Amino acid sequence: MITERKLPAGLITKICNARHAVFFTGAGISKASGVPTFRDGADGTWNRLNWRLYATLDGFKNNREEVWKWYELRRLSIHAASPNDGHLGIANFEKLLPKVTVITQNVDDLHERAGSQSVIHLHGSLFSHRCAACAHPHTMNVTSPEGQIVASTPQPRCTRCGGWIRPGVVWFGEGLPEADFANAVAAVNDCDLFFSIGTSLDVHPAANLAFMAAKRPICVVQVNPQETALNDQATFTLKEKAEKALPAILQAISEGSQHV
Ligand code: APR
């Protein structure tokens, strides 16, 4: 359990003096909301499922119905989830600092539902869909007679070309959305405070953003109970869960305590 006195000396001052904070997040920040991570322990998604089947275009083409159903299950489970104190903590920083940018690898909408206004999704979203053949956007609004969001089965087809609809997420081997990645790079190059929260930094090019930040003369804070390649480059490392560390930082700021 992190307590205020465990926050590293100098961290709060650095945060309070920041002009533009970037929060770079991964699956770890959504774990407390019941959303599984990918590589973190036995329940990590890719420690249970074959990513080649569920997170590549070939996997989708060869196992279309099974892959579609899995993404629909994920979409519904995230719709039923709620933002946790980690997401809410990040959203709170928008009230404290002049500028905040969230750059997430996550495909859930929990940052937005926590109130974050500026969220860049590098790996797409479970709540956007498009045609696998012509990329025509597809609006998913399948509800039960009672108005509940339900899975879209059978898999819908494109209204423009008749192709199969796919999830709007970035699969392994696919490029990141160019404009989003360019905006993320610009934010990292402009910020004077960079948080890396809940990510193993195993997947590039997204993870490069953290190492880009670490090469700049700015304050880099890592929040992760496990070690990553950023440990020896971050200014501060909180070996803590996001849903504990972020409220503790906000508490220290609100009490105006200066850490000697
Ligand atoms: N708070 C903070 N960090 C946590 C927490 C928590 N409560 N719980 C787990 N973690 C950390 C783990 O220690 C791990 O380092 O979150 C990290 C999750 O790592 P991954 O499962 O690899 O997730 P991520 O880094 O987001 O993966 C990147 O890989 O499969 C692709 O597209 C997928 O966006 C994903 C990308």
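Looking across segment 19-29, the residues that are open to solvent by less than 60 Å² (accessible area, probe 1.4 Å) and of a type outside the set (A, V, I, L, M) come down to H20, F23, F24, T25, G26, G28. Pairs linking a residue in segment 149-173 that is over 17 Å from T56 (Cβ atoms) to a residue that is hydroxyl-bearing (S, T, Y), with Cβ atoms under 7 Å and 6 or more positions apart or on different chains, are I149/T143; V150/T143; V150/S144. The residues in segment 177-210 that are loosely packed, with under 15 Cβ neighbours inside 10 Å, assigned to a helix (DSSP H, G or I), among the charged types (D, E, K, R) and touching a residue at least 12 places away in the same chain (Cβ under 8 Å) can be counted, and the count is 1.
Here A213 meets the list (1) open to solvent by 10 Å² or more (accessible area, probe 1.4 Å); (2) part of a helix (DSSP H, G or I); (3) more than 9 Å from the ligand (Cβ to nearest atom); (4) out of contact with any Leu (no Cβ under 8 Å at 6 or more places or on another chain) almost entirely, failing just condition (1). Which ones in segment 125-149 are part of a loop (DSSP other than H, G, I, E, B) and either surrounded by fewer than 12 Cβ atoms within 10 Å (Cβ to Cβ) or outside the structural domain of N62 (by TED's automatic domain parsing) (or both)? Across segment 125-149, the qualifying residues are C134, T139, N141, S144, P145, E146, G147, Q148.
Only residues that are aliphatic (A, V, I, L, M) and assigned to a loop (DSSP other than H, G, I, E, B) were counted in segment 1-59, giving 9. Could you tell me which residue of segment 226-236 is farthest from the ligand (Cβ to nearest atom), considering only residues that are open to solvent by 10 Å² or more (accessible area, probe 1.4 Å), in contact with a strand residue (DSSP E or B) (Cβ under 9 Å, 6 or more places away or on another chain) and not in a strand (DSSP E or B)? Per the stated criteria, the residue is T235. Within segment 120-139, which residues are touching a residue at least 40 places away in the same chain (Cβ under 8 Å) and within 27 Å of F24 (Cα to Cα)? Answer for segment 120-139, where residues must be touching a residue at least 40 places away in the same chain (Cβ under 8 Å) and within 27 Å of F24 (Cα to Cα): I120, H121, L122, H123, G124, S125, L126, F127, S128. For segment 173-194, the criterion of being under 24 Å from I78 (Cα atoms) and within 12 Å of the ligand (Cβ to nearest atom) is met by at least one residue.
For segment 157-173, what are the residues that are over 17 Å from the mean Cα position of the chain (by Cα) and open to solvent by 50 Å² or more (accessible area, probe 1.4 Å)? Don't jump to the end; show me each part of the working.
Taking segment 157-173 and keeping what is over 17 Å from the mean Cα position of the chain (by Cα), we get 157-166, 173.
R157, T159, R160, C161, W164, G173 - these are the residues of segment 157-173 that are over 17 Å from the mean Cα position of the chain (by Cα) and open to solvent by 50 Å² or more (accessible area, probe 1.4 Å).
Annotation note: Cβ proximity below 7 Å between a residue of segment 66-88 that is open to solvent by less than 50 Å² (accessible area, probe 1.4 Å) and a residue that is acidic (D, E) and in a helix (DSSP H, G or I) (sequence gap 6+ or interchain) occurs for N84/E243; G86/E243. Restricting attention to segment 30-46, the residues that are open to solvent by 50 Å² or more (accessible area, probe 1.4 Å), farther than 18 Å from E174 by Cβ and within 9 Å of the ligand (Cβ to nearest atom) total 5.
The values are calculated or read from the model by the stated rules, or taken from the named source; none is laboratory data. This is a predicted model, so every value here is computed, not measured. Every residue, glycine among them, receives a Cβ derived from its backbone with ideal geometry; neighbour counts consider all protein chains shown. Heavy atoms of the whole protein, side chains included, go into the accessibility calculation; ligands, DNA and RNA do not. Shrake-Rupley method; radii C 1.70, N 1.55, O 1.52, S 1.80 Å.
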